[in-house]
Amino acid sequence: MSGRERSSERRILVYSALLTLGFAVSGIVLGNWVGSMVIIFDGAYSLISLALTLLSLLAATLMARPNSKRFPNGLAALEPIVIAIKGAVILGLVCISLYSAIHSVIDGGREIDTSIATLFGLINVIGCAIGWTMLAKKNKDIDSGLIAAEVKQWQMDTLISVAVLLGFVAAWIMLQTSLSPYATYADPVMMLLMAGYFIKVPAVMLKEAISELLYMSANKASREEIEAES
């Protein structure tokens, strides 16, 4: 990757970090206000995404440095390491949320303000979709693994937001009918469905990153063996 592409990569990661910060703060604050674990999860996911984006930004900065005697082949291995960390952390968050949702269903569900939650869900869907499409479009010219991981994060966040919005609309409709006693289960059931479905995304990220690291290690071992024989 050229110096110009590295510079573009860092700018895109900064943009992603700022956008993520806005969603993280608003999600956690509003989620606690309306009592929705799904919105809190969305905000917590965004907050973790922010920390991981900053990690990607640091990795991109280090990878842009020229090769040295200590690292004659550069710091290319940082990319799969960062992606592996992202996958592991997001996988952990999904598993914790899955446990919380099961516990909430057993306890009888949660009451939430569906009108405010639905409005937030709509705004979230639009914002996340913009972030996802913009990063995906910009990465076509750069083809960065770090930005590709960011795109996956935004894709996951967009789909989460869509699921949240549909769930809150369904909960609001239930409140207008004879099914209103069951509306309290909407929030934890949404969380169960989302966690069960989206657990695949970070798992695949982690698997691919580990495979790449193992491939790099095998290549390094082969080179060292050849050098020792020569």
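Derivation of every value follows stated rules applied to the coordinates shown; laboratory data play no part. The structure displayed is predicted, hence computed values, not measured ones. When we count neighbours, we look across all protein chains shown, and the Cβ atoms used for this are built from the backbone with ideal geometry, even at glycine.
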Run the numbers for Leu21 and Ile210: contour at 0.36 nm per residue of separation, minus the present Cα-Cα distance, in nm. 65.2 nm
Just to be sure I follow the definition: excluding the sites themselves, where is the longest run in the chain that has none of the trypsin sites (Lys or Arg not before Pro) in a DSSP loop with at most 12 other Cβ atoms within 10 Å? 71-230
Summing +1 for each Lys or Arg and -1 for each Asp or Glu, what net charge is found among the other residues whose Cβ lies under 11 Å from the Cβ of Asp157? -1
Heads up, region 80-208 by the C-alpha gyration tensor (a ≥ b ≥ c square roots of eigenvalues; a/c under 1.5 rounded, else a/b over b/c prolate, else oblate) looks oblate
Extend 7 Å from the Cα of Asp113 along its Cα-to-C-beta direction; within region 23-49, residues with backbone N under 16 Å of that point are 26-40
By how many nm would the segment from Ala88 to Leu175 lengthen if fully extended, with 0.36 nm per residue of separation less the alpha-carbon distance? 27.5 nm
May I ask you to list the residues of region 20-63 whose amide nitrogen lies under 13 Å from a point 7 Å from Cα along the Cα→beta-carbon direction of Ile130? 20, 22-23
With Cα coordinates, the longest principal axis of the chain makes an angle with the long axis of helix 186-198, in degrees rounded to 10, of 20 degrees
Tell me what the chain gives for mean residue ellipticity at 222 nm when only DSSP H runs of n ≥ 4 count, each as -39,500 (n - 2.57), the sum divided by the residue total, rounded to 500 deg cm²/dmol. -29500 deg cm²/dmol
Rounded to the nearest whole Å³, what is the per residue volume of the convex hull around the Cα atoms of region 3-218? 107 Å³
Quick one: compute the contact order of the chain, relative version, from alpha carbon pairs under 8 angstrom and 6+ residues apart, as a percent. 27 percent
